[in-house]
Every structure is written in structure tokens, then in C-alpha cells.
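Worksheet: one structure, shown below.
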Amino acid sequence: MDSEQQRLLTAMPLHAITSTYGEAGLRDRFAAEMASWPEADRLRLDRALDLAARLHAADHREREPYLNHLLRVAIRIMSYYRVHDADVICAALLHDAVEDHAMELTGSAVDADPRACQQAALGVLADQFGPRVAELVGAVTNPPFAPERDANEQYREHVVESLRDCPWARVVKASDFTDNGAGLIHTTGPRLRRLADKYAPLVPVLRDLIARPDTPLDAAVKERILAQIDRAADRFAAVRGDA
């Protein structure tokens, strides 16, 4: 990547990079964001990206590789949230690894107990990237929900409980939620309404969590996130036909 292309990529919105350059462009943007970081941090981030790419190699979201979502979540935290913490960025890259690929991480059988499998997968991440990364990933990982209860209600309850005492996990969740909210405009069919129904009740929860004094972001970044949450809420309302 030459200097002119690097300047262009660092000035482009993340979804514009996605639509124009795809995964390769997002990888280049990620490399540009961490170019000035210490070598030890860059090596850890590269390992986290490699693991995420392997685990999600066959996963897609609409018309794009799932890895694009993970890259955008990580880059947003680095660039727009001004966070230079390798543990947080590793967790951002791996935030869906346990929820979606616990068995691949642990080598468990298909019929393994899901909760036990998730805990074992978090242990693998702790061994490879440290206990703090595993803690952050665990905080944003949905547990198996009770089939007899409404899944969206359980999702909201889980977010409230898991992020209440884990301020840095709120940062990962905010970027994930922002990317999901922005990505909703690229979703079609029945899935569009299902996602709007899932995410809309989370808006007041996340607004409260991000605005709390112990959320480790400066005031300008918090305002940016709150504005993005509100724009996502408008999209959810339009899809749902809310008044």
C-alpha cells in the first residue's frame, strides 16, 4: 500500500471502503491504523486477525465476508473511538468467535454442552491472548438462551447484566451495535424486521451504558456514539413502522 492509497483509505468511511475495496481495503486500513503501535501489539493483533479469519472463513453476512464486520468493529474503535489498547482490539476482532465457533476453538463434539463449550473456548482465548481479552469477549458473548422465553428479551437482559460492570466491553459492544445498525440498510427480506426487533430495545440500554462516567471514552467520542445509536434507532423505527 503506497502513501497515497493509505491517505485515501484513512479518510474514507468504513462502509465506503467495504463497498469499494472489500476485505482487502479493510485489511489495509487496519494495517494503517496499527502502523505506529509497538511491535509486540502489532504481532498480537495480527494473530487475533488470523484466528478470526480462520474461524469465520465460511461465514458471510448478506453479500460480504463476515470478517469485514469484525474488521470494521476493530477499526472503528481504533480510529473513531481513539482507543490504543491491544487487548480491546483483539477482543473486537474475536468478539463473535466464542458465540459462533466455540466448538472449533475447543475441538468439542457437536453434542457438547453449549455453556461448557463456551467456557472452554474462553479458556482457549485466555491462553492465547490473555485473561483480559477472554473477559471482554465473554462479556459480549450471548449465552444459550432458554427456548421457552423470548430471545430478544433475554438478549437485552444479558447485555444489561454483562456490561454493567465491564466498562471496556461496552466499547466493543458500542462498535458492534453501530456496525449492525449501519449495516441494516444493506439487509433485505424477513431478516431485516427480525434484526430491527432484536436491536431496537437495546437503544436505551446502550445509551445509558455509554453515557456513564466510568465508560472509558472521552466526551466527544461518547457524543459521537450516542448520535450513531440515535441514527440506528431511526432506522429500526422505520423498519418496524413505529410511530
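What the table shows:
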{"item": "Condition broken by A109, with the remaining ones in (1) at pLDDT below 95; (2) touching a Pro at 6+ places or on another chain (Cβ under 6 Å) satisfied", "result": "(2)"}
{"item": "The listed residue being of a type in the set (A, V, I, L, M, F, W, C) and farther than 26 Å from P167 by Cα, out of L94, L55", "result": "L55"}
{"item": "Selection from region 225-243 of residues that are surrounded by fewer than 18 Cβ atoms within 10 Å (Cβ to Cβ) and either among the aromatic types (F, W, Y) or under 17 Å from the mean Cα position of the chain (by Cα) (or both)", "result": "L226"}
{"item": "Subset of region 53-69 [touching a residue at least 40 places away in the same chain (Cβ under 8 Å) and hydrophobic (A, V, I, L, M, F, W, C)]", "result": "L55, L67"}
{"item": "Residue pairs meeting the criteria (Cβ under 6 Å; at least 6 apart or on separate chains; first buried (at least 17 other Cβ atoms within 10 Å of the Cβ), in region 1-27; second modelled with pLDDT of 95 or more and not in a helix (DSSP H, G or I))", "result": "none"}
{"item": "Residues being assigned to a loop (DSSP other than H, G, I, E, B) and exposed (fewer than 13 other Cβ atoms within 10 Å of the Cβ) - total across region 213-223", "result": "3"}
{"item": "Meets criteria (in contact with a helix residue (DSSP H, G or I) (Cβ under 6 Å, 6 or more places away or on another chain), within 19 Å of Q118 (Cβ to Cβ) and part of a helix (DSSP H, G or I)) for A233", "result": "no"}
{"item": "Residues satisfying the stated conditions in region 195-210, i.e. farther than 13 Å from D230 by Cα, out of contact with any Phe, Trp or Tyr (no Cβ under 7 Å at 6 or more places or on another chain) and not hydrophobic (A, V, I, L, M, F, W, C)", "result": "D197"}
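The values are calculated or read from the model by the stated rules, or taken from the named source; none is laboratory data. Just so we're clear, the structure is a prediction, and the values are computed from it rather than from any experiment. Cβ: placed from backbone, ideal geometry, glycine included. Neighbour counts: every protein chain shown.
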